[in-house]
1. Taking amide H positions as placed in the peptide plane 1.01 Å from N, state which residues far from Val64 in sequence (5 or more) or on other chains have amide H under 5 Å from it.
2. Which value, in debye to the nearest 20, describes the size of the charge dipole of region 180-247 about its Cα centre when Lys and Arg Cβ atoms bear +1, Asp and Glu Cβ atoms bear -1, and nothing else is charged?
3. I want to make sure I understand the PRE zone here: with the label point 7 angstrom from the Cα of Ala21 toward its beta carbon, which residues in region 37-78 have backbone N atoms less than 20 Å away?
4. With unit charges on the beta carbon (Lys/Arg positive, Asp/Glu negative), name the residue among Met123, Leu107, Asn139 whose Cα is farthest towards the positive pole of the charge dipole of region 100-141.
5. Restricting attention to region 62-148, which trypsin sites (Lys or Arg not before Pro) occupy a DSSP loop and are surrounded by at most 15 other Cβ atoms within 10 Å?
Amino acid sequence: MGGFDYAVIALVVLVFLTLFAGIKTVPQGYRYTIERFGRYVKTIEPGLNFIVPYFDRIGAKMNVMEQVLDVPTQEVITKDNASVSADAVAFYQVLNPAQAAYQVANLENALLNLTMTNIRSVMGSMDLDELLSNRDTINDRLLRVVDEAANPWGIKITRVEIKDIAPPTDLVEAMARQMKAEREKRAQVLEAEGSRNAQILRAEGAKQSAILEAEGQREAAYREAEARERLAEAEAKATRMVSEAIAAGDVQAINYFVAQKYTEALAAIGTANNQKIVLMPMEASSLIGSLGGIGAIAREVFGDGQAQASPRRSTPQTGPASKPVENR
């Protein structure tokens with residue numbers, strides 16, 4: 001082989017090396033920055049890319065996928081001078097690879113310190129009770145502040161979450177006692193309100209019961225008075241009819257009236273509690289004879305003329321006076 005052959009081989013090798021140096025492959029999820037003589041030129045996308053051999057080179061390989069940054073536990077002094085421990089986690093994504101590569105050195109360390117500093121600032125401006133009960137508010141404020149600070153670096157902070165807030169042990173015990181006292185207070189208040197409501201309901205029930213009972217008594221008294229009135233009217237009507245019959249000379253009417261009263265008197269005497277033995281004539285003939293005597297007295301009072309208004313035939317009785325008996 002002569003010198004010419006060696007020159008051709010060297011040229012072919014140089015061509016292959018040049019092509020290899022000019023072809024760059026970028027994986028998905030990454031962006032590469034290209035520098036020419038140390039100066040940023042462009043950013044190449046995922047896939048097959050061509051650069052100027054021997055003049056251009058890859059500067060930074062930036063991961064543009066969303067990444068997680070674990071924030072370690074740190075001590076925070078709250079607004080009311082309570083010491084708490086808090087840790088967090090942040091999610092970020094590179095939007096501008098050139099800015100992330102050339103605007104800040106050690107990007108992850110910068111984001112970590114930025115997040116820790118803002119955690120102390122945000123949580124230190126709040127009271128302990130507000131800090132423990134408003135975790136969403138803390139996350140929103142942290143996200144807004146950290147994202148604004150990282151924006152010049154071409155970084156988008158997608159989320160900042162507080163993982164845990166741990167107050168001191170003695171403070172936790174005091175809070176537990178306070179919570180227990182508050183719960184006991186609410187329980188006593190609820191029990192008192194329940195007792196008051198029960199008493200009110202019982203009083204309302206007693207009131208309604210008394211009202212209904214009074215209305216029932218009034219209705220019963222009204223009906224009883226009405227019944228007595230009807231009974232008195234009936235008795236008055238019966239007495240008037242008997243009086244009219246007697247005035248018309250109807251001895252049968254007065255006999256019936258006297259016999260009714262006589263029978264009621266006997267019933268009252270027989271049912272009395274202080275009566276044990278009753279001695280009186282109970283024969284039917286004695287009762288009829290007594291009625292006959294009463295009829296004779298009535299004839300003497302009203303006169304013979306009225307007694308003759310209705311012709312009757314009398315028969316002698318065994319009693320003290322004779323009683324006219326109508327033939328049937």
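FYI, it's all coordinate maths here, none of it is from the lab. Since this is a predicted model, take the numbers as computed values, not measurements. Backbone-built Cβ (ideal geometry, glycine too); neighbour counts: all protein chains shown.
1. Amide H to amide H, under 5 Å and 5 or more residues apart or across chains, Val64 pairs with Tyr30, Arg31.
2. The dipole of region 180-247 has a size of about 440 debye.
3. The answer is 37-42, 44, 49-60, whose backbone nitrogens lie closer than 20 Å to the label point.
4. Farthest along the dipole direction, towards plus: Leu107.
5. For trypsin sites (Lys or Arg not before Pro) across region 62-148 that sit outside H, G, I, E and B with at most 15 neighbouring Cβ atoms in 10 Å, the list reads Lys79.
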